[in-house]
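A short worksheet on the structure shown next.
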Protein chains: 2
Amino acid sequence: MSDSTKTAIVTGLEQTFVRQGFAKPGVDELRAAAGVSLRTLYKYYPSRDAMILGALEHRHGRYVERLLDGLPADPKEALDAVLERVAGWMREEAGHGCLFHGAVAAMPESDALRELLERHKGEIARRMAAAVGLSGNEAELTLILEGLTQSWALNGEDALRAAKRLAGCLVACEPKS
Amino acid sequence: MSDSTKTAIVTGLEQTFVRQGFAKPGVDELRAAAGVSLRTLYKYYPSRDAMILGALEHRHGRYVERLLDGLPADPKEALDAVLERVAGWMREEAGHGCLFHGAVAAMPESDALRELLERHKGEIARRMAAAVGLSGNEAELTLILEGLTQSWALNGEDALRAAKRLAGCLVACEPKS
DNA sequence: GTTCAAGTAGAACGAACGTTTTACCAAGGA
DNA sequence: TCCTTGGTAAAACGTTCGTTCTACTTGAAC
């Protein structure tokens, strides 16, 4: 059980699910993407469902790191930076929207997936609200983030402009404390 | 080929896909939900993919009607009404987020699904922006709508409050024309 | 030098799947 | 009366799927 093998496998799995979704790719295609033998693949992830979970866990780590590490200390700059980073993620990694929502949408009856979705979104909302100094407006922030992620597929860079504009409005409208 | 049979079938299909997603349910389960024989089901929808497309077309019609028919003439009231109607839809019909995004997420390589998604979202954005008097802010409106739909699964009624608040901010911030 | 963990290649298996087909039934119009 | 239309029930077909298993290779540690 080597760590580098596991990373290689899970990277291949993640890429495949991003490109093809969760319905289509069969285990043999996942195996090819992982670059290992079927036996090894099943040793690290003993079922197709485990492969899905593993890929999502891996993506969660990458996403949180990319979005939240080393944000500017100033709350306004941090807010702007987060939106830019989300747009960058969409450009480079997620043409088709949030993979976690996609997984739950594909298999809405899986409790494990729903739990993972809640952990993922919850952690991001909490940490981001703190970083941008809008802890009382978690729902508004989450809405802007989800809206940006989801409408990116429809409007591209316009979605980023709209998100910045709405975030600006939110800060401007906020009752002074 | 009777119309009432077709409606009964497509209603059953839509419900099943809403509840179970697009990956899991097999044709025999869809048949049971449609309440017809396998032969009849295949006469109306000659493949599983056609069943998916048919269910989404049907849902599109229902959604557009519910969201946009008979809106108040006053733009501000109309905006509020649309958000309320979206929340009502989420409460009653779509616990798991937008079915169109879900379909594309499950099978991102299907051109037919992507076209349908664009038609669906495009029509709603255009007609709604006109109805609420914010035709220059389609991207912002779309973002709020997508954000509400998507964050409903996470925050429930708080998502509606956040959407109303952001919509209010948008109207207040808008440069007077 | 042997052992052992970690890997490859790919055959095999039973179940499930999407689809087609056969056989039959009920009602209405010419 | 017969034939068409729209439907049911369910067997059958060929494929594909997720999973397991057998047989073999390699590299490093003791």
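Put simply, the protein assembly as shown fits an ellipsoid with semi-axes of 33, 30, 15 Å; these come from the alpha carbon gyration tensor as the roots of five times its eigenvalues, largest first. Going Cα to Cα from B:LYS76, which lysines come in below 27 Å? Please leave out same-chain ones fewer than 8 positions away. Straight-distance partners of B:LYS76: A:LYS164, A:LYS176, B:LYS121, B:LYS164, B:LYS176. Here region B:3-173 has an Rg and Dmax of 17.3, 58 Å, counting Cα atoms alone.
Between B and A, roughly 3500 Å² of accessible area is buried in total, ligands, DNA and RNA not counted and the probe set to 1.4 Å. Backbone geometry of region A:105-118 corresponds, through the Karplus equation with coefficients 6.51, -1.76 and 1.60 at θ = phi - 60°, to 3J(HN,Hα) couplings of 5, 6, 9, x, 8, 7, 5, 4, 5, 5, 4, 4, 4, 5 Hz, x marking Gly and Pro.
Each copy carries a label point for A:ASP80 at 7 Å from Cα toward Cβ; from one copy, the others' points are 3.5 nm away, ordered from shortest. Estimated from helices alone, the mean residue ellipticity of the protein assembly as shown at 222 nm is -25500 deg cm²/dmol (sum of -39500 (n - 2.57) over DSSP H runs with n ≥ 4, per residue).
Taking Lys and Arg as +1 and Asp and Glu as -1, the other residues whose beta-carbon sits under 15 Å from that of A:GLU92 total +1.
Run the numbers on region B:74-114: which residues show a drop of 40 Å² or more in accessible area, chain on its own versus all protein chains together, using a 1.4 Å probe over heavy atoms? The answer is B:HIS96, B:HIS101, B:ALA105, B:ALA106, B:PRO108, B:GLU109.
In nanometres and ascending order, the distances from the A:ALA32 label point to those of the other copies are 3.5 (point 7 Å from Cα along Cα→Cβ). Residues in region B:135-142 carry Karplus couplings, in order, of 5, x, 10, 4, 5, 5, 4, 4 Hz; the curve used is 6.51 cos²θ - 1.76 cosθ + 1.60 with θ = phi - 60°, and Gly or Pro positions show x. Once both labels are positioned 7 Å from their Cα atoms along Cα-to-Cβ, the gap between B:VAL64 and B:ARG85 label points is 1.3 nm.
Of all chain A residues, the one whose Cβ lies closest to the rotation axis that maps A onto B, given with that distance rounded to whole Å, is A:GLY147, 1.
Applying the Karplus relation 6.51 cos²θ - 1.76 cosθ + 1.60 with θ = phi - 60° to region A:51-66 yields 3J(HN,Hα) values of 5, 4, 4, x, 4, 6, 4, 4, 5, 4, x, 5, 5, 4, 4, 5 Hz, where x marks Gly and Pro. Estimated from the Cβ-Cβ distance and a Förster radius of 25 angstrom, the FRET efficiency linking B:ASP49 and B:GLU29 is about 0.95. Estimated from the Cβ-Cβ distance and a Förster radius of 51 angstrom, the FRET efficiency linking A:LEU38 and B:ARG127 is about 0.50. Heavy atoms of the protein chains alone define the surface here; on that basis region A:3-173 has 42 Å² accessible area per residue at 1.4 Å probe size. The charge dipole of the protein assembly as shown, taken about its Cα centre with unit charges on the Cβ atoms of Lys, Arg (+1), Asp and Glu (-1) only, comes to about 540 debye. Relative to the first principal axis of the alpha-carbon coordinates of chain B, what is the inclination of helix B:157-173, with its axis defined by its Cα atoms, in degrees from 0 to 90 and to the nearest 10? Tilt relative to chain B: about 40 degrees. Sequence-distant contacts, meaning Cα pairs under 8 Å at least 6 residues apart, place the relative contact order of chain A at 20 percent. Excluding same-chain neighbours fewer than eight residues apart, the aspartates and glutamates reachable from A:LYS6 by a Cα-Cα span under 18 Å are A:GLU14, A:ASP28, A:GLU29, A:ASP49, A:GLU57. Between A:LYS6 and B:ALA73, the simple spin-label model (points 7 angstrom out along Cα→Cβ) gives 6.7 nm. How far is helix A:75-93 tilted, in degrees, relative to the longest principal axis of the Cα atoms in chain A, given as a value from 0 to 90 rounded to the nearest 10? Approximately 30 degrees, to the nearest ten.
Distances between copies at A:LYS43, taken between label points 7 Å from Cα along the C-beta direction, are 5.6 nm in increasing order.
Computed over neighbours whose Cβ is under 11 Å from that of A:VAL10, the net charge equals 0, Lys and Arg +1, Asp and Glu -1. Compute the Cα gyration tensor for region B:1-54, then decide on rounded, prolate or oblate, letting a ≥ b ≥ c be the square roots of its eigenvalues: rounded whenever a/c is under 1.5, prolate when a/b is larger than b/c in the other cases, and oblate in all that remain. Prolate is the answer for region B:1-54, as a/c is 1.5 or above and a/b outweighs b/c.
The values are calculated or read from the model by the stated rules, or taken from the named source; none is laboratory data. What you are looking at is a predicted structure, and each value in this text was computed from that prediction instead of being measured. Cβ coordinates were reconstructed from backbone atoms using ideal geometry, including for glycine residues, and neighbour counts include every protein chain displayed. Protein only, heavy atoms only, side chains kept; ligands, DNA and RNA dropped before computing areas. Shrake-Rupley method; radii C 1.70, N 1.55, O 1.52, S 1.80 Å.
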